[in-house]
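Note sheet for the following structure.
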Amino acid sequence: MTALLHGIRVLDFGRYIAGPYCAALLAEYGADVIRIEKRDGSEDRFPAQVGGGVGALFLQMNRNKRSMTLDPASPKGREVVARLVRGADVVIANLPQATLLAMGLDYATLRGLREDIIFVTNTAYGPVGPLSGQVGFDGVGQAMSGAVYMTGQPGEPYRAAVNWVDFGTALHCAFGAMAALMERQRSGKGQMVTGALLATAVTLTNATLIEQAVAVPNRVATGNRGQTSGPMDIYATRDGQILVAVTGNPLFRRWAKLMGQTGPGGHAEGDPDWAGDPRFSDDDGRGRHGPLISARMARWCAERDCDEIVDLLGAAMIPSAPVLSPQQALDHPQVQALGLLQATDYPGLPLPAPVAAVPLWMTETAPVDRLRPPLLGEHTEQILAELGYGAADILALREQAVV
């Protein structure tokens, strides 16, 4: 079966996550993605090294890609870029505007090389506004969207350890790239697709911002406890911790019934009528009285093991999950059953790396077979030859430190 994006060539000038993961998603469905790096390697090759001089982030971002090294800002490098762009369909570059101009990767220059090119870029703060010229990473979106303020405790905000803003931006940009390819197929026109970290973060926190704008509750952080439903918290168990998430009246009624049953942590003298008490009649009320509900759930959880709680709540159709360490996540039978983490070899690694596939299951469209991430510049000569450079030309480019 021909891959969905077979015949589509993507140039990946991205850095870290927002650009490279966008390109990785396209590579997963058959696009020929060429990762273009500095001659000594891009910065995102190295954080969290796991062996072979490569970092964990790079292994995730760059499966199914080819790699070439290039100095795009040099005169000869710009000639190489021009040849690359003329044969490409999509260019991805999450770089500052000044850098794009220096490399000849601004949209005006790219359109001059190929009129129907699709250019995908993103910035920290967006294309307009007083901060539009500044650079930033994932954390700036988290901080400025209200998400950091609402995480942790009052006066002690917490940044999420997972780069959800970067990944969310990559997902939006991949969606934009696919939409642009569909538009080009229909109209023949290319276009520029622009994402932004702050825009992603504001979008994902939008419900909180809507509530603030309309109802003005001026909420503050409450740790792990939810504010608009309950019980919604993380609770200590006999052998660990567990997250319980009850939202909506049907779930709360099932929870109330479970709390009224006998046995360890069952109905206690002095407990309110959970299902009938008007304080708990809707999610907002349960959120306002969250400490009382969480205290009840905490007593119930403290007398049970995580597995027992997951089984009991699962039987009652109440969402819950154990709080797992990274190693426990790797070992969990549900994670393993998904087959999502694919053993991926890379030279110098002590063992294959569990690199995630695209977390989708489609009945008609399959991803391509996994190829390991490339070594630095592994395909430079192959790609240059495809562009029409002869052996002597390639040698001269190496001697001139262009590639």
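The table for this structure:
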{"quantity": "Test: residue 312 is surrounded by 11 or more Cβ atoms within 10 Å (Cβ to Cβ) and touching a residue at least 24 places away in the same chain (Cβ under 8 Å)", "calculated": "yes"}
{"quantity": "Extreme residue, nearest to residue 205 (Cα to Cα), among residues of segment 143-157 that are assigned to a loop (DSSP other than H, G, I, E, B) and without any contact (Cβ under 8 Å) to a residue 40 or more places away in the chain", "calculated": "148"}
{"quantity": "Number of positions in segment 94-132 that are assigned to a loop (DSSP other than H, G, I, E, B) and closer than 20 Å to residue 189 by Cα", "calculated": "6"}
{"quantity": "Hits in segment 158-186 (condition: more than 13 Å from the chain's Cα centre (by Cα), assigned to a helix (DSSP H, G or I) and over 21 Å from residue 93 (Cβ atoms))", "calculated": "182, 185, 186"}
{"quantity": "Residue in segment 202-212 that is within 22 Å of the chain's Cα centre (by Cα) and closer than 19 Å to residue 132 by Cα present", "calculated": "yes"}
{"quantity": "Scan of segment 83-103 for residues that are more than 18 Å from residue 32 (Cβ to Cβ), of a type in the set (A, V, I, L, M) and in contact (Cβ under 8 Å) with a residue 24 or more places away in the chain, ordered by number", "calculated": "95, 102, 103"}
{"quantity": "The lone exception for residue 88 - which of (1) assigned to a loop (DSSP other than H, G, I, E, B); (2) more than 26 Å from the chain's Cα centre (by Cα); (3) aliphatic (A, V, I, L, M) it fails", "calculated": "(2)"}
{"quantity": "Any pair with Cβ under 6 angstrom, 6 or more apart, that starts in segment 1-29 at a residue that is under 21 Å from residue 43 (Cα atoms) and at pLDDT 95 or above and ends at one that is in a strand (DSSP E or B) and among the polar types (S, T, N, Q)", "calculated": "18/122"}
{"quantity": "Close pairs (7 angstrom Cβ cut-off, 6 or more residues apart or separate chains): of a type in the set (Asp, Glu) in segment 328-355, not in a strand (DSSP E or B) anywhere", "calculated": "345/352; 345/372"}
{"quantity": "Hits in segment 44-76 - residues which are within 22 Å of the chain's Cα centre (by Cα), part of a loop (DSSP other than H, G, I, E, B) and modelled with pLDDT under 90", "calculated": "46, 47, 48"}
{"quantity": "Test: residue in segment 165-181 that is surrounded by fewer than 20 Cβ atoms within 10 Å (Cβ to Cβ) and over 30 Å from residue 116 (Cβ atoms)", "calculated": "no"}
{"quantity": "Segment 220-259, residues that are of a type outside the set (A, V, I, L, M, F, W, C) and farther than 15 Å from residue 294 by Cα", "calculated": "238, 239, 240, 248, 249, 250, 253, 254, 257"}
{"quantity": "Residue check for residue 140: at pLDDT 95 or above, over 21 Å from residue 5 (Cβ atoms), surrounded by fewer than 21 Cβ atoms within 10 Å (Cβ to Cβ) and touching a strand residue (DSSP E or B) at 6+ places or on another chain (Cβ under 9 Å)", "calculated": "no"}
{"quantity": "Condition met for residue 99 (more than 23 Å from residue 7 (Cα to Cα), in the same structural domain as residue 377 (by TED's automatic domain parsing), surrounded by fewer than 19 Cβ atoms within 10 Å (Cβ to Cβ) and modelled with pLDDT under 95)", "calculated": "yes"}
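The values are calculated or read from the model by the stated rules, or taken from the named source; none is laboratory data. Because the structure is predicted, anything quoted here is derived from the model rather than measured. Note: ideal-geometry Cβ built from the backbone for every residue, glycine included; neighbour counts use all protein chains shown.
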